[in-house]
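A short worksheet on the structure shown next.
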Amino acid sequence: MSDATTGEADPSTDTQRDWQGWSCSAAAAAGFLVCLVGWLRGGGTLSLPWAPKLGVRLEFAFDGLAALYALLATGVGAVVFGYGARYLSQHLADHRRPRSERRRFWPWMALFAVAMVGLATATDLVLVFVFFDLTAVCSYFLIGFDRERREARTAALTALLVTIVPAVALLAGAVLLYATYGTFSVPELVERVEPGTTTTVAGLLIAVAALAKSAQVPLHFWLPRAMEAPTPVSAYLHSAAMVAAGVLVLGRVHPLLARSEVVLTVLLIVGLASIAVGGVLALGRDELKQVLAYSTISQYGYVVTLYGMVGASASGAAAFYVVVHAVAKSALFLSAGAVTTATGEDRLSHLGGLGRRLPLLAGATGVAAATLAALPLTGGFFSDELFFGAAKEQGPVLVVAAVLAAALTFAYIGRYWMRLFLGPITTAPAALSRALVVPVVLLALVALAVGVLPAPITQLAEDAGAVSHAAPVAMSPAYHLDLRATNVMALAAWILGALLLAATGLRDRVSRALAAAGDRVGPRRAYTASLLGLRRWSGRVHDWETRDLRSSIAAVLVPAGGLAAAAFAATPIAQAYSVGPISGTDWLVLPLLALTGVATVVAARTRERLSIVLALSAVGFALAAVYALRAAPDVALVAVLVETMLTLVFLAALARLPGTEPRRETGPRPGRRWRDPVIGAIAGLGAFAVIWGYLSEPREAPSVSADQIRLTPAAHGQDVVTVIVADFRGLDTLGEITVLLIAAVGVATLLRRGRLW
Amino acid sequence: MTLAIAAVAAVLFGTGSYLLLQRSLVRVVAGIALISQCAIVTIIGSSLSEGRAAIDPEQGGPLSDPLPQALALTALVIGMGTLALLLALVHRVVVAHGTAERDELRDVDRPAVSEPEGAGRRAGDETE
């Protein structure tokens, strides 16, 4: 608590304002206005070529869905950034970190918002993937902002891995669709895609990426861990960015997903499971931000469930739900941050009775909580009304599920608010800066305004739903004082929720049991185990690879050989080999080749260093003679020259070395005596198969050589090879000379003990 | 002829691989030399046409394919540069550490391991 007060005193006297935070906030507000004007004027599209041969375009559309998420990202962004401008200074002061650390925060926040707007407007699947990953990268740096704490770093890594690895599935799904339908553009795909296995598989792949991003069961565990982030990050992450990115992608590609019953069923199941798991776990959590994190999992479960239902009302309700939830949830997060700042406590069990000291905060938080609990006069009432309405169309099972879900939400958010603001005071709060309360109040006012006047948000949600449903959507949320089905469902949910709220013992026991089960067999454990296993495996491979030169070589050659073998397995080899005719000078070439072979074997067998050199030069000169006989005089001449020089260089080098190779070639273990010859034999046989097959290719193919022969007189040359080297491929030769020069410098340096001169 | 060239190339490659795995750095260098010979033989063997040397094309008649020859020239010269550099490295290793055996060199990096020999030979020649 003393921390909080001293921290409070310091930034308030500080004249240096966080201009980065405020300018981010102002930019977001300006972006909000631009988006608003854009939406009111009916949007528009922009399409530029990016990689035309691959069919990838920079394709943006500012339609209803884009408007909704862009308005959220900028609107909530403006409020959260304003809060953060104040919060961050205090956070840094509390942790005794220099103010310059702001530079590690605001650029990522701003990029986060930009990526979110980009993702909202992108309609090319590859572009969607790029922005999708960009949000994950931003979240990595923001969640790990307190990088001196180990928990923050592992939480950041978890968030990155759990959202980025499934994101590859999004790309795979996009490529699958491209392979079948020839476009990455979502609107074009919507026109072309037919129901079938491809569509189902691609839809499932895209859904996996989106569900992981939206922290849905069983990939939900990254989100509660990500609460290590500073509060503004959590607030933004949970409401308008990152988690929202998942359902945004679902909304964008929903017309494709709706072509497959399997995908819809999966969405329905995952959504309901997330509502249940998130809600029950939220009931028993003690840390403020943990409660809210599990609540987010549960709330996005609602949206995923809605996307799992087909129908105009479901698509519209999903869009409406996202807006209302984002406003309420960011308000709740900001209020949690404010409470922690004021009291220095972040656990419900250490807090209570704050309502009397912080009435404004209590009221605003109450409105946000009431919005989640779907009480009348808040936007939440309408989002639940629409949710119930959509569920009603799907049959009795979903009606019951919807009521239970709403009851669960009512119970956990009621518990949260009551524990925080009612009862006896356990920790007295310090005075709170207005900058930390005003944003909460602002967001609560928005939630109230939607509850009184839902028309603008309804219009926005209808536009967004029309994109997800690929057909116009009409919704009419309103208060009705009668016993229609949605009203009865809402009443039932409140009563059940109140009962659950009252049954403290049962509630806590169930929640704790689920949490314990999750810890024992949950996906987080599987994630940790697989990460540790990967690391162990990587360590083992690395140890083996760096053990000695031999394993380093093997690490390169064995995969290369494997690839060659795979190429053989995929290529037909019937009639691929020909012995080739022998005529004229070839009879002279054959003994020379035999000599080469013998000299090669001698080079391998001899122990004398001098013999190695002589055998090598025998190989070189025999091959030079072969080149001469094969009508390649230039090569033969150069080969003779090179071999002469090499022999001399070798001899000069050997003059400095002892004369005989050591006998002990087999290494310590006699059982390995045959290992090297066998490896050599396998390599030789593999090379034989490859080279013979390659040389047996038919020779009639049109060749670039014909042009070069024809053009040689025009290049004022007689020798075609010389002209090629010096003229047609002159630039290559220049590069070659450069390589030789570098090698010469290297040799000179090495010989002169590290000094060139 | 195709078969013969392929066979010689294979012998060169196999022997080169065998030498590459040896303990002595000199033999490793010899192995690399053999593998680059294998590459050149293969390039020359892959010419698409056969005939007289590709000189003075206006005389007419079939010419041997000049392009592989140009490539082989490049390979030869670069191969020489590489080998010279490798030999200089081996030479440097021998001067600095008194041995060209991989097994013995492996312990050079580890200062904690006792160094029974070589200390005297290295005197005055350490640049690191």
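The values are calculated or read from the model by the stated rules, or taken from the named source; none is laboratory data. This is a predicted model, so every value here is computed, not measured. Cβ: placed from backbone, ideal geometry, glycine included. Neighbour counts: every protein chain shown.
The helices (runs of 4 or more DSSP H) falling completely within region A:43-149 that include 2 or more residues that are in contact with a Cys (Cβ under 9 Å, 6 or more places away or on another chain) map to A:64-94, A:106-121.
Is it the case that A:LEU372 is crowded, with 18+ Cβ neighbours inside 10 Å and hydrophobic (A, V, I, L, M, F, W, C)? Criteria met by A:LEU372.
Any idea which of A:LEU590, A:LEU483, A:LEU496, A:LEU532 is without any contact (Cβ under 8 Å) to a residue 24 or more places away in the chain and in the same structural domain as A:ALA155 (by TED's automatic domain parsing)? Unique residue meeting the criteria: A:LEU483.
So if I check each of A:ARG96, A:ARG103, A:ARG150, A:ARG86, which one is touching a residue at least 40 places away in the same chain (Cβ under 8 Å) and either farther than 24 Å from A:ALA26 by Cα or surrounded by fewer than 20 Cβ atoms within 10 Å (Cβ to Cβ) (or both)? Full working, then the answer.
On the way: A:ARG96 fails: touching a residue at least 40 places away in the same chain (Cβ under 8 Å); A:ARG150 fails: touching a residue at least 40 places away in the same chain (Cβ under 8 Å); A:ARG86 fails: either farther than 24 Å from A:ALA26 by Cα or surrounded by fewer than 20 Cβ atoms within 10 Å (Cβ to Cβ) (or both).
Unique residue meeting the criteria: A:ARG103.
Would you mention how many residues in region B:38-57 are in a helix (DSSP H, G or I) and under 17 Å from A:ALA631 (Cα atoms)? The total comes to 7.
Restricting to region A:218-245, give me the number of residues that are of a type in the set (A, V, I, L, M) and part of a helix (DSSP H, G or I).
Of the residues in region A:218-245, the ones of a type in the set (A, V, I, L, M) are A:219, A:223, A:226-227, A:229, A:233, A:235, A:237, A:240-245.
This time we only want the ones that are part of a helix (DSSP H, G or I), so: A:223, A:226-227, A:233, A:235, A:237, A:243-245.
Matching residues across region A:218-245 total 9.
Condition (residue is under 14 Å from the mean Cα position of the chain (by Cα), closer than 23 Å to A:TYR577 by Cα, at the interface with chain A (Cβ under 7 Å from one of its Cβ atoms) and in a helix (DSSP H, G or I)) applied to region B:18-37: is it met by at least one residue? Yes: region B:18-37 contains one or more residues that are under 14 Å from the mean Cα position of the chain (by Cα), closer than 23 Å to A:TYR577 by Cα, at the interface with chain A (Cβ under 7 Å from one of its Cβ atoms) and in a helix (DSSP H, G or I).
Regarding A:LEU267, is this residue in the same structural domain as A:PRO187 (by TED's automatic domain parsing), under 24 Å from A:PHE129 (Cα atoms) and not hydroxyl-bearing (Ser, Thr, Tyr)? The answer is yes for A:LEU267.
Table: residues versus (1) within 10 Å of another protein chain (Cβ to nearest Cβ); (2) over 33 Å from the mean Cα position of the chain (by Cα).
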position: A:GLY533; (1), (2): no, no
position: A:ARG550; (1), (2): yes, yes
position: A:PRO581; (1), (2): yes, yes
position: A:ASP586; (1), (2): yes, yes
position: A:LEU623; (1), (2): yes, yes
position: A:LEU648; (1), (2): no, yes
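Just give me the residues in region A:725-739 being surrounded by 14 or more Cβ atoms within 10 Å (Cβ to Cβ) and of a type in the set (S, T, N, Q), in sequence order. If you could, list the steps in order and put the result at the bottom.
Initial filter on region A:725-739 (surrounded by 14 or more Cβ atoms within 10 Å (Cβ to Cβ)): A:725-729, A:732-733, A:736, A:739.
Once the filter is applied, which keeps residues that are surrounded by 14 or more Cβ atoms within 10 Å (Cβ to Cβ) and of a type in the set (S, T, N, Q), region A:725-739 yields only A:THR733.
Pull out all pairs, ordered by first then second residue, where Cβ-Cβ is under 9 Å, the residues are six or more apart or on different chains, the first lies in region B:70-99 and is more than 7 Å from chain A (Cβ to nearest Cβ), and the second is crowded, with 20+ Cβ neighbours inside 10 Å and polar (S, T, N, Q). Filtered contacts from region B:70-99: B:GLY79/B:GLN37; B:VAL93/B:THR99. Condition test on A:ALA570, is it touching a residue at least 60 places away in the same chain (Cβ under 8 Å) and farther than 30 Å from A:LEU157 by Cβ? No; evaluated as a whole, the condition is false for this residue.
Filtering region A:650-666 to residues that are surrounded by 14 or more Cβ atoms within 10 Å (Cβ to Cβ), more than 8 Å from every other protein chain (Cβ to nearest Cβ) and at pLDDT below 80 leaves only A:THR666. The set of residues in region A:590-646 that are among the small types (Gly, Ala, Ser) and either touching an Asp or Glu at 6+ places or on another chain (Cβ under 7 Å) or assigned to a loop (DSSP other than H, G, I, E, B) (or both) comprises A:SER617, A:GLY620, A:ALA624, A:ALA631, A:ALA632.
Every residue, every condition in (1) buried (at least 20 other Cβ atoms within 10 Å of the Cβ); (2) in the same structural domain as A:LEU248 (by TED's automatic domain parsing); (3) among the hydrophobic types (A, V, I, L, M, F, W, C); (4) free of Cβ contacts under 8 Å to residues at least 12 places away in the same chain, yes or no:
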| residue | (1), (2), (3), (4) |
| --- | --- |
| A:ALA73 | yes, yes, yes, no |
| A:VAL79 | yes, yes, yes, no |
| A:LEU92 | yes, yes, yes, yes |
| A:THR123 | yes, yes, no, no |
| A:LEU134 | no, yes, yes, no |
| A:ALA155 | yes, yes, yes, no |
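Of all positions in region A:185-201, at least one carries a residue that is over 21 Å from A:VAL162 (Cβ atoms), among the charged types (D, E, K, R), surrounded by fewer than 24 Cβ atoms within 10 Å (Cβ to Cβ) and touching a residue at least 24 places away in the same chain (Cβ under 8 Å). For beta carbons closer than 8 Å, sequence separation of 6+ or different chains, a first residue in region A:728-757 that is part of a loop (DSSP other than H, G, I, E, B) and a second that is modelled with pLDDT of 90 or more and surrounded by 12 or more Cβ atoms within 10 Å (Cβ to Cβ), the qualifying pairs are A:ARG729/B:ALA70; A:LEU756/A:VAL745.
Of the numbered criteria (1) buried (at least 24 other Cβ atoms within 10 Å of the Cβ); (2) assigned to a helix (DSSP H, G or I); (3) among the aliphatic types (A, V, I, L, M), the one A:ALA215 fails is (2). In the set A:ALA169, A:ALA229, A:ALA179, only one residue is within 30 Å of A:GLU287 (Cβ to Cβ), in the same structural domain as A:ALA326 (by TED's automatic domain parsing) and among the small types (Gly, Ala, Ser); that residue is A:ALA229. Contact map, region A:237-262: residues that are free of Cβ contacts under 8 Å to residues at least 24 places away in the same chain paired with residues that are outside any loop (DSSP other than H, G, I, E, B), Cβ distance under 9 Å, separation 6+ or inter-chain. Pairs shown: A:GLU261/A:THR200. Of all residues in region A:628-646, those being more than 10 Å from every other protein chain (Cβ to nearest Cβ) and basic (Lys, Arg) number 0.
When B:SER46 is tested against (1) surrounded by fewer than 23 Cβ atoms within 10 Å (Cβ to Cβ); (2) farther than 19 Å from A:LEU593 by Cα, just one condition goes unmet, and that condition is (2).
Within region A:422-441, the set of residues being within 39 Å of the chain's Cα centre (by Cα) and hydrophobic (A, V, I, L, M, F, W, C) comprises A:LEU432, A:ALA435, A:LEU436, A:VAL437, A:VAL438, A:VAL440, A:VAL441.
Which of the helices (runs of 4 or more DSSP H) contained wholly in region A:423-534 include at least 3 residues that are of a type outside the set (A, V, I, L, M), out of contact with any Ser or Thr (no Cβ under 8 Å at 6 or more places or on another chain) and surrounded by fewer than 14 Cβ atoms within 10 Å (Cβ to Cβ)?
Details: elements: A:434-452, A:455-469, A:485-502, A:504-521.
Helices (runs of 4 or more DSSP H) meeting the threshold: A:504-521.
Among the numbered conditions (1) farther than 22 Å from A:VAL291 by Cβ; (2) at pLDDT 90 or above, the only one that A:HIS469 does not meet is (2).
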